[in-house]
Amino acid sequence: MTAIRNVHERVIEVPAAAAGALLDRLSAADDPIFPTPAWPRMRLDGPLAVGSDGGHGRIRYHVTAYEPGRRVRFDTPPDGGLDGYHELTVAPVGAGRCRVRHVLECEARGLLRFQWACVIRHLHDTMVEEIFDNIERAAAGGVARPVRWTPWVRLLHRLGWARPQAVATPAGARLIRTCLDRSDYEDAYRMELLPGLPRDPAAWTGILRSAFPVLDQADGELLLDVNTAGLTARASILVDERYVTLSTAVKADGLRARLYWGVVRRVHPFMARTMFRRTHRRLALAAPSAGERHGAAPPRVSVTGSPDEK
């Protein structure tokens, strides 16, 4: 086993009570400090309290200590390979200043020792510094020196980004379910609607990478005409409370359309998932951070900015 101790701390020019009030909102719907949507959101199975279980992404933990406004500790399960804890504390440093500190102590076993050194530590360090950035943004209205992503972190982030999940066309996608008298092919893929991602389906049309005509829009769904090579094809983007879903329906009339679709349908699922994932990540990295959404600072990057401008 390998013993790991990882410590981050920052002095912030706000009273401890102001930073502590932000700490108390961790995992809440209006969480102002956990760095989503650029990273997976923190979820607990209840409010922030001793005994709550949850995690972010593939990292699992449960709350073992909580002092409102001052301290929260998360223990990681031994079967996860990293047996230990994370602890985030806020302490006063004179009048009008506080120290925010994050400590990770754990034992790494097996392959996790190498994953920690090569992958996990780099992502962990960046996320913790972004938590500190968000506390500054939300409490002080801005951050003097925000963390910058290294090229290695940018690469790891791109490779590790979530992938679309194949699902049935959702019941809420009423426009695409009724737009054709028959369909010869249907598919649908969904991804989580992270806090801070746009809820207007029109913001997601970049998935298709072309300016297709909009046929209709209602109840969080946008229907697009994606006819090509004799195919009658429709694409739907549905945004609900939890997911963004891309659905496709195709009708092939005539020999030319059937031949064309016979070739294209082999690559269509790969292309749809790839473009959806790329757009999901681009919008997540362009979105205002949690601290910007709940503080006074303006957004950092425009929607059209580079996904890796961190």
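Data for the structure
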read-out	value
Enumeration of residues in segment 54-67 that are at pLDDT 95 or above and surrounded by fewer than 16 Cβ atoms within 10 Å (Cβ to Cβ)	64, 65, 67
Residues satisfying the stated conditions in segment 21-42, i.e. small (Gly, Ala, Ser) and surrounded by fewer than 21 Cβ atoms within 10 Å (Cβ to Cβ)	21, 27, 28, 29
Segment 248-283, subset in contact with a Phe, Trp or Tyr (Cβ under 8 Å, 6 or more places away or on another chain) and among the small types (Gly, Ala, Ser), residue farthest from residue 187 (Cα to Cα)	252
Residue match in segment 188-195 (condition: farther than 18 Å from residue 271 by Cα, touching a residue at least 60 places away in the same chain (Cβ under 8 Å) and assigned to a loop (DSSP other than H, G, I, E, B))	yes
Residues of segment 148-176 satisfying the condition of being more than 18 Å from the chain's Cα centre (by Cα) and either among the hydroxyl-bearing types (Ser, Thr, Tyr) or surrounded by 18 or more Cβ atoms within 10 Å (Cβ to Cβ) (or both)	150, 169, 170, 173, 175, 176
Residues being surrounded by 18 or more Cβ atoms within 10 Å (Cβ to Cβ) and more than 17 Å from the chain's Cα centre (by Cα) - total across segment 183-200	3
Checklist (1) crowded, with 18+ Cβ neighbours inside 10 Å; (2) part of a loop (DSSP other than H, G, I, E, B); (3) out of contact with any helix residue (DSSP H, G or I) (no Cβ under 8 Å at 6 or more places or on another chain) applied to residue 180, failing item	(1)
Residue within segment 136-153 that is within 30 Å of residue 220 (Cβ to Cβ) and in the same structural domain as residue 20 (by TED's automatic domain parsing) present	yes
Residue, nearest to residue 293 (Cα to Cα), within segment 136-184, restricted to residues that are of a type in the set (Ser, Thr, Tyr) and in contact (Cβ under 8 Å) with a residue 60 or more places away in the chain	169
Residues within segment 10-56 that are assigned to a loop (DSSP other than H, G, I, E, B) and touching a residue at least 40 places away in the same chain (Cβ under 8 Å), tallied	18
Residues being outside any strand (DSSP E or B) and under 27 Å from the mean Cα position of the chain (by Cα) - total across segment 213-250	5
Whichever residue in segment 226-258 is in contact with a Pro (Cβ under 6 Å, 6 or more places away or on another chain) and over 12 Å from residue 175 (Cα atoms) and, among such residues, is surrounded by the most Cβ atoms within 10 Å (Cβ to Cβ)	245
Condition check for residue 72: of a type in the set (A, V, I, L, M), assigned to a strand (DSSP E or B) and in contact with an Asp or Glu (Cβ under 8 Å, 6 or more places away or on another chain)	yes
Members of segment 171-200 found to be of a type outside the set (Phe, Trp, Tyr) and in contact with a Phe, Trp or Tyr (Cβ under 8 Å, 6 or more places away or on another chain), listed by number	184, 190, 191, 192, 193, 198
Conditions (1) in a loop (DSSP other than H, G, I, E, B); (2) of a type outside the set (S, T, N, Q); (3) modelled with pLDDT of 90 or more: number failed by residue 110	(3)
Test: residue in segment 24-33 that is over 20 Å from the mean Cα position of the chain (by Cα) and not basic (Lys, Arg)	yes
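The values are calculated or read from the model by the stated rules, or taken from the named source; none is laboratory data. These figures come from a predicted structure and were not determined experimentally. Heads up, the Cβs are rebuilt from the backbone with ideal geometry, glycines too, and the neighbour counts pull from every protein chain shown.
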